[in-house]
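K.L.:
Pasting in a structure now, in structure tokens, and then I'll have a few things to ask.
The values are calculated or read from the model by the stated rules, or taken from the named source; none is laboratory data. The model shown is predicted, which means the values in this text are computed figures rather than measured ones. Please note: Cβ atoms are built from the backbone with ideal geometry, for glycine as well, and neighbour counts cover all protein chains shown. Remember, those area values only see protein heavy atoms, side chains included, never the ligands or the DNA or RNA. Shrake-Rupley method; radii C 1.70, N 1.55, O 1.52, S 1.80 Å.
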Amino acid sequence: MSSTSDPTGTSRWLRLGQHALLAVLAVVCAVRAIADGTHPAAELAALALFAGWYALGPRVARAGRDGTGWLVGLVLLWGLLVVVSPENVWLAFSLWLLAGHVLPLLPAVLTSLAVLVVVALEPVRHSGEVSYAAIIGPCIGMVVALGVARAQQALVRDGIERQRLALRRAGGERRPHRRAGPGAAGPGRDERADPSLA
């Protein structure tokens, strides 16, 4: 979680989209788990614990702290949710997105693979059968989520850099240029062309 300011507002909208996606997935998981026979109190209590820890994420980011510990805690709570009901594996997509945002590339991939193993093995734990669909589908979801997260980061960085360059250019154009006197040998130090404006 980066505390870098984004004057374009892009990161704010991306974060809101991620929060909305996680909320929708949590509702879907709760409905499916309860319909599948999971005790409603157990499912809702585990989801509330997961959501409460998730809600700490923005505070961690605002404090400028590393979000690795927060993400590890979220993954562990998700593991508890999966024990409560296998339907909660659907929240893995949000975890993959978060891993791509919070962690550097290699730790993000390793964390995502650990989540993928749980997602792929969960059907085996319940039915005892291995299905290619249960492995290929989550693999595609993980790759897409990591790709989207990295693309979003690049988009935000690009927006911040463009805004920074635009502000620098606007500041340079407002700077008064002194003219050399008639007897001057050449432009003074302040009158040389600013390469950032070229």
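K.L.:
For the modelled label position 7 Å from the Cα of V31 along Cα-to-Cβ, which residues of the stretch 88-110 have backbone nitrogen atoms closer than 14 Å?
P.N.:
No residue passes the distance filter.
K.L.:
Mind checking the per residue accessible area of the stretch 26-150 for me, 1.4 Å probe, whole number of Å²?
P.N.:
On the way: 6400 Å² over 125 residues.
Accessible area per residue: 51 Å².
K.L.:
When the solvent-accessible surface of protein heavy atoms is calculated with a 1.4 angstrom probe, in what order do W53, W13 fall, highest first? Could the numbers behind the result be given before it?
P.N.:
On the way: W53 90, W13 170 Å².
So, going from the largest accessible area down, we get W13, W53.
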